[in-house]
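The values are calculated or read from the model by the stated rules, or taken from the named source; none is laboratory data. What you see is a predicted model; the values in this text were computed from it and never measured. Cβ placement follows ideal geometry from the backbone for every residue including glycine, while neighbour counts extend to all protein chains displayed. Quick note on the areas: whole protein, heavy atoms, side chains included, nothing else; ligands and nucleic acids left out. Shrake-Rupley method; radii C 1.70, N 1.55, O 1.52, S 1.80 Å.
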Amino acid sequence: MLNDQELRELLSFQSKQPVLSVYLNTDPAEGSAAGYKLRLRSMLKNIELPEDVEAIETYVEHTFDWTGRSLALFSCAPERFFRAYALAIPTRDRVRSLNSPYVKPLADLLDFYGGYGVALVDKQGARLFYFHLGELREHEGTFGEAVRHVKRGGASSFPGRRGGIAGRTNHMRETMERNMKDAADFASTFFQEYAIRRIILGGTDENVHQFRSALPKTWQSLVVGTVPMAMTATTDEVLQKALQIGRQAEYRHEAQLVETLVTSAAKQQGGVLHLEDTLQAVHDGRVQTLVISQGYRAPGFQCQGCGYLTGKKARACSYCGSTFSEIPDAVELAVRKVMQHGGEVEILQMEQPPQGWGKIGAILRY
């Protein structure tokens, strides 16, 4: 499974030799190992990188244990570079030969399935989950003092109180509030440690409301949904519900993001649209969020000196005066640059973007 350090390695690897990148859907629900091997051979039959093709086919034939629902492979034989990652999320079959690993499909998965935090809460505590790329990464819990319901009746030691119920009720409420505060503090540390991007809360309406109110506003703003769910729910139940709610939230987020981007670009305040203006902003390091329609590719040119990307042919770079080389996909290199500099990449899944949207744009840092 792919972790953050491995992703950084893929982003930083660059070679003068071709890097063969292969994404293979291995979802057991859609076929068999024999069928996937046959499809892989068909995908690679026209690739003129024999050492890399052999390395990938050998790995799939003899090493891959068929865990997960897709497989990402990267090979550059002259550099002795080979990496393989089983992924818990299915992805579309792809083959690319570039001078660096093809990471755009990973950006897509990270955008849609990365960084989910789930908190199941009750009056005593919370169970916390961290899901990343469809797999459970961490699972922790915290439980405070039991909130006891006492039997009514009995003599009161306080004048005017029947059975002492008010005192006991106050104690129950104080215990529950203390448990909620402790659970919220514990959850805040958990969310911070694992760089959670989306939060889903589960439990009764009352418990979820009280827990959410106890969270700092930073984490409240990342809550994308709530769901009635018992503290005893299984990990698989929590994951499936998180992905369901997350997908719905992502569609809403995409619609709001594109609307904001189109408006910002029209006002020339914090946003740009279309390929050239976006590539310019990427080169200048101004991109906070790169937004791309799913499947969008654009051939272009890259400066051999400073790396400037453009979709237009030119004799010399306006930045450094170096010559350009033709590249098959300027969008892929833009994705790499933004991710390398800590920006976000949004791959749009929405079927009907709003009027004014093209295929690419960016929210700017300044």
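Only one entry of Ser75, Ser97 meets the criterion of being open to solvent by 10 Å² or more (accessible area, probe 1.4 Å), hydroxyl-bearing (Ser, Thr, Tyr) and either out of contact with any His (no Cβ under 7 Å at 6 or more places or on another chain) or in a strand (DSSP E or B) (or both), and that entry is Ser97. Examine region 59-72 for a residue that is over 29 Å from Leu136 (Cβ atoms) and touching a residue at least 40 places away in the same chain (Cβ under 8 Å), and state whether such a residue exists. Scanning region 59-72 turns up no residue that is over 29 Å from Leu136 (Cβ atoms) and touching a residue at least 40 places away in the same chain (Cβ under 8 Å). In a helix (DSSP H, G or I) and open to solvent by 50 Å² or more (accessible area, probe 1.4 Å): does that describe Glu237? It is true that Glu237 is in a helix (DSSP H, G or I) and open to solvent by 50 Å² or more (accessible area, probe 1.4 Å). Residues that are open to solvent by 70 Å² or more (accessible area, probe 1.4 Å), more than 30 Å from Met1 (Cα to Cα) and at pLDDT 50 or above within region 125-161 comprise Phe143, Glu145, Arg148, listed in sequence order. With respect to Leu106, is the statement that it is open to solvent by 20 Å² or more (accessible area, probe 1.4 Å), within 30 Å of Ile327 (Cα to Cα) and not in a strand (DSSP E or B) true? When the stated conditions are applied, Leu106 does not pass them.
Number of residues in region 286-311 that are part of a loop (DSSP other than H, G, I, E, B), open to solvent by less than 60 Å² (accessible area, probe 1.4 Å) and in contact (Cβ under 8 Å) with a residue 60 or more places away in the chain equals 3.
Taking the criterion of being among the aromatic types (Phe, Trp, Tyr), assigned to a helix (DSSP H, G or I) and open to solvent by less than 40 Å² (accessible area, probe 1.4 Å), the only residue of region 35-72 that qualifies is Tyr36.
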